[in-house]
Structures are given as structure tokens and as C-alpha cells.
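Okay, structure first, notes after.
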Amino acid sequence: MSKTAIVWFRTDLRVHDNPPLAAAVEDTDEVVPVYTFDPQQFGESEYGVPKTGPRRAQFRRESVTDLRSSLRERDGDLVVRQGRPDRVLPTLAREHDADAVHCQTRPATEEYETEASVRQSLSHEGIELKTHWTHTLYHREDLPTPVADIADTFTPWRQDVEENAAVREPVPAPETVPTPAVDSGDVPSLSDLGFENPETDIDDRGVYEFRGGETAGLERLAEYVWERDRLREYKETRNGLLGADYSSKLSPWLAHGCLSPRRVHAAVREYEAERVANESTYWLVFELLWRDFDAFQFEKHGAQFFQPGGIRARDIDWRKDRTAFERWASGETGVPFVDANMRELNATGYMSNRGRQNAASFLANTLGVDWRLGAAYFESRLIDYDVCSNWGNWAYVAGTGNDSRDSAFDVVGQAHRYDGDAEYVTHWCPELDGLPSAYAHEPWTMSEAEQRQYGVELGIEYPDPMVDVDAGHEQFE
Ligand SMILES: Cc1cc2nc3c(=O)[nH]c(=O)nc-3n(C[C@H](O)[C@H](O)[C@H](O)COP(=O)(O)OP(=O)(O)OC[C@H]3O[C@@H](n4cnc5c(N)ncnc54)[C@H](O)[C@@H]3O)c2cc1C
């Protein structure tokens, strides 16, 4: 009797290095690949913002469409549905008389809950849910120290894995994915997903034209590493703010699983063998280790990450000031470096790492607003949203996560340091264009006469800063 398995794709929208897909192809005669747009990921979050904004939804649609093409090239297909996984999967499993469902497991609260409800609903049909660890560079089972005992600070954890663990080779993409006749369904439109008049046009001020899918992700990897040859200087350029190549821009594809971190790691090793191995090539892998660290910290601490005091259970009286939050979110705080970054996020779905650190610190540390509102806003807007990286980094900056130091940023000092000529702030706040760069970063320091002069001559008007911004103090590099 022939055996059939279902592969439930989640944030692993690729055929390369995909252990659930590879295992299903290996173990069974026929495979039914499935992706379902889960309504629980859309709608409004408990923080009053959309859980998934239209730009990430669009990236996801493109990624699903690309995955379907790759599977069709392999004699397969992708069944696409709109509905809760715990309803869609048992129905399909029954229709195809499947023996098992294979999927990726993710170490975060909602993702585990979804998985648990799927497991339960499948068990009523006598079908097993087989989960695979696929999202990180190091496999959970290869960690030298069990997750429950890992350090809460990055450096000892990193040193432990670097010395005592190895990265597995990526799993090859299957040559064929034999799929029975299926009713494959259409990829839902943005309006099917509940978006009315969504803004998804590419803003030509953005750093990159992000297109979803494994094909585009692999192209970007080749472009950054080989064609543009930028990996050799990553460590020096990674704090940049403008342009495609100051950093890899791989995060959206990593977050949706269109690219596997092991595939990126393999490309770095190949580049090191063929061109150059230096601090920069090491540093890209170092950043992937941060990503792993975030994931394993979520595995360790679970829902505690979403508490106001975070994993350190700090007793901080966060402000619930919605007006302050909205000025911050719309890029109207009166502090150009913060505003420029928020405007970039709103217009493109992307923000640099330097920008994220400063924008987050300004909301949590300078304004004292509940950091979880900011994390939820980033969750809504970022194309590259990754639950562990986003909430983990927010908690870190807010002082409720994996750092015991005071993490407040001096955002004005950072603006002068990383945007000395004010090119970035005037790119996103064109109303400041024409001011000397010192004033473009600190318009409130102009004398009244200068304000009149620039206001009349250049028509410059900028909101007053919401708070005394000089109170911060810089601890981060
Ligand atoms: C408040 C805040 C929120 C963030 N939210 C997210 C998020 O939702 N999704 C996300 O992928 N990253 C997040 N980051 C981390 C980081 O800002 C982005 O990964 C990075 O800016 C993406 O651009 P890149 O791919 O060019 O990065 P590169 O500098 O080229 O780095 C390569 C890869 O390493 C990983 N990486 C780099 N820095 C970090 C970091 N600090 N923590 C974890 N992984 C990292 C990413 O996967 C990235 O694609 C956040 C950082 C902060 C401070």
C-alpha cells in the first residue's frame, strides 16, 4: 500500500535545506505540500495594531507563489488554503489518506500553540505530526549545553557553541516531489486577506526592492557575496543607513524561511575558501549567531519574553501614553534621527539595525513608553519580522531581556556619529534639507534668528522635540 505524507510549510518557504520536505519525500511514495494563510496571523493584535501589515503579507504571498513554482518544477504542487491550520490539515490528511504531517517547529508561544492544536486535531484522525528543527544555524540537538541550561548572556553562549558544536551541512533540495492530483487553490489576494487599499508599492527611496521567495533570496545572496563582493567589508559597513550593500539585506528571506541560515553559512565558507577570510566574513556568521541566540532564548524562557518586565521580571512602571506612541510611530517626534528611521520603516517595511536600536531605545528608554507597544508596531510593519529576533532585541534595548546593563542610547550622539553629513535624515525628512548638518540633527538648537532665517528662506518647519533628548547616555558601539 502506498504511503502519503503532508508537508505543512510555515516559515520555511523553500525547497533547499528543508528537513520536513526531505523527510517526507524520503519516507513516503507521495507528498502533499500545503501552505495555509492562517487568519490568526492577521487582524489586530492586543496592542491595537495589525499583526501583519500589508508589506509583509505581500512578501509572504510572493514567497508562497515562488515555492509553488519550485515544487511544480519538481513534479509536485503546493496546496494553498486560507484557514486555521488545525482545520485545514486534518481535512487534507483525510482527503489524501495521509499517514503523517511533517512540519517545522518554532520556539515561540503562539507558534507552539498553533502546533499543539494541529497535533491534537490530527490525533483524532490517528495521524502523527512530525516536527523538525529547521530555523537556526546550529541544530538544537547539537548544542553543547541543553537549552534549559544555556547562559542568558550572548558571549558565553557564543563561545560555547563556537568551540563545541558544528553547523550541519544543508540538506539538498529533492529532485522530485511526487504529488497526487490535488485541488491546489489560488494564492489569496491582499483583499482576500482583509487589506483594503493596502500600500505595497515599492518606495524608490528604500534601500532595496525586496521581493519574496526562495529564488529572489538566493539571488540576493549571490549578488551580495559574489557579484558585488561586499562580504569582505561587511564589518566596516554594517552600521550604514543608506544603500543596498552596507549590510546583506538577507533578513526578510531568512525570516520567511526562503533562505536557510545554513545555506548562508555555506556561502560564507565557500567565499572564504575562494576569495578572502577576514573579520568581516566571520562577522556575518557572528550576526547569525545572534539570531540563533534569540531563538534559543525563546525556547528557554517562552512567554516570559512578552511580559512588561521581560525575562528579568523587572518592575518598571511603563507609560501607556498612546499619543506619545503615535507620534513616535508616525515619525513626528521632533528628533530627526528617530523620525527618519520610523518614516523609512513606514514607507518600506525595512530599517537598518542602527536605526532599530535607536528608534527602540527612544520609545522605551527616553519616552518610557511600554516597549511592547513598539515591538508590536515593528511586528506589524517589518517585512523581516521574526518573533524571536524582534521581541528579543526589543527586550534587550528596553533592559528587560538578555542584558543587564543600562541600554539607553544617546540618539543625538548616534545621529552625529553615524550620519555625520545628515544625508540620511534629510533623505527621509526632506523638510530639513538645506540646514547645516548640525542643525539638521538638532533643529531645536537654532537661535530664534536662525529659526526665522531658515524658516523664511527655506520654509523649514519641524516639530519641537517631545522630551529633553540629551538625557540619554551611550553604552553601545
Ligand atoms: C529593536 C530591534 C528589532 C529587530 N527586529 C528584527 C526582526 O523582527 N527580524 C530580524 O530578522 N531582525 C531583527 N532585528 C535585528 C537586525 O536589526 C536585523 O536582522 C538586520 O537589521 C537586518 O538587516 P540585514 O539582513 O542587512 O542584516 P546583516 O547585518 O546583514 O546581518 C545578517 C543577518 O544576521 C541576522 N542579524 C543581524 N543582526 C541581528 C540581531 N541584532 N539580532 C538577531 N539577528 C540579527 C539577521 O538574520 C540578518 O539578516 C532587530 C533589531 C532590533 C534592535
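The values are calculated or read from the model by the stated rules, or taken from the named source; none is laboratory data. What you see is a predicted model; the values in this text were computed from it and never measured. Cβ atoms come from the backbone with ideal geometry, glycine included; neighbour counts cover every protein chain shown. Accessible surface areas use protein heavy atoms only, side chains included; no ligands, DNA or RNA. Shrake-Rupley method; radii C 1.70, N 1.55, O 1.52, S 1.80 Å.
Below, the figures for the structure above:
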| item | result |
| --- | --- |
| Inter-probe distance in nm under a simple model that places probes 7 Å from Cα toward Cβ, at Asp464 and Ala449 | 2.2 |
| Set of aspartates and glutamates near Lys320 by C-alpha distance (under 17 Å), chain-local residues within fewer than 8 positions excluded | Glu46, Asp370 |
| Distance between modelled label sites at Arg72 and Glu113, nm, 7 Å Cα→Cβ extension | 3.6 |
| Accessible area of the chain divided out per residue, in Å², using a probe of 1.4 angstrom | 41 |
| Partner lysines for Lys130 [C-alpha distance under 29 Å; skip if fewer than 8 residues away on the same chain] | Lys3, Lys51, Lys300 |
| Viscosity 1.306 mPa s, temperature 10 °C, Stokes-Einstein D of region 366-417 from Kirkwood C-alpha radius, µm²/s | 133 |
| Per-pair calculated FRET efficiency, R0 = 30 Å: Leu190 and Thr153 via Cβ, rounded to 0.05 | 0.10 |
| Length added when fully stretched, Glu219-Arg94, from 0.36 nm per residue minus Cα-Cα | 41.2 nm |
| Dimensions (Å) - region 161-296, Cα atoms, principal axes, largest first | 49, 42, 31 |
| For region 4-134, average projected area of the Cα convex hull in nm² | 7.8 |
| Gain in span if fully extended, Glu270 to Asp27, counting 0.36 nm per residue against the direct Cα distance | 84.4 nm |
| Net length gained if the chain between Phe286 and Ser2 were fully extended (0.36 nm per residue, minus Cα distance) | 97.7 nm |
| Label point distance in nm, Ala181-Glu162, each placed 7 Å from Cα along Cα→Cβ | 5.8 |
| For Val79, residues with placed amide H under 5 Å, excluding near neighbours | Val34, Tyr35 |
| DSSP-defined antiparallel bridges as percent of all bridges, the chain, nearest 5 | 5 |
| Accessible surface, 1.4 Å probe, highest first, among residues Lys3, Lys130 | Lys3, Lys130 |
| The chain, accessible surface, carbon-and-sulfur percent (1.4 angstrom probe) | 43 |
| Placed amide H near Gln104: partners under 5 Å, 5+ positions off or other chain | Arg10, His132 |
| Antiparallel bridges, percent of DSSP beta bridges restricted to region 4-134 (to nearest 5) | 5 |
| Karplus-derived HN-Hα couplings along region 428-440 (A = 6.51, B = -1.76, C = 1.60, θ = phi - 60°), whole Hz, x at Gly and Pro | 9, 10, x, 5, 9, 4, x, 7, x, 4, 4, 6, 4 |
| J(HN,Hα) series, region 277-294, from Karplus relation 6.51 cos²θ - 1.76 cosθ + 1.60, nearest Hz, glycine and proline x | 10, 8, 4, 5, 5, 4, 5, 5, 5, 4, 5, 5, 5, 4, 4, 4, 4, 4 |
| Residue-wise HN-Hα coupling along region 57-70, computed from phi with Karplus coefficients 6.51, -1.76, 1.60 (Hz; x: Gly, Pro) | 4, 5, 4, 5, 4, 5, 5, 5, 5, 5, 4, 4, 4, 5 |
| Under 18 Å from Lys235, Cα to Cα: lysines that are on another chain or at least 8 residues apart | Lys249 |
| Accessible-area value, Val101, 1.4 Å probe, nucleic acids and ligands omitted, Å² | 0 |
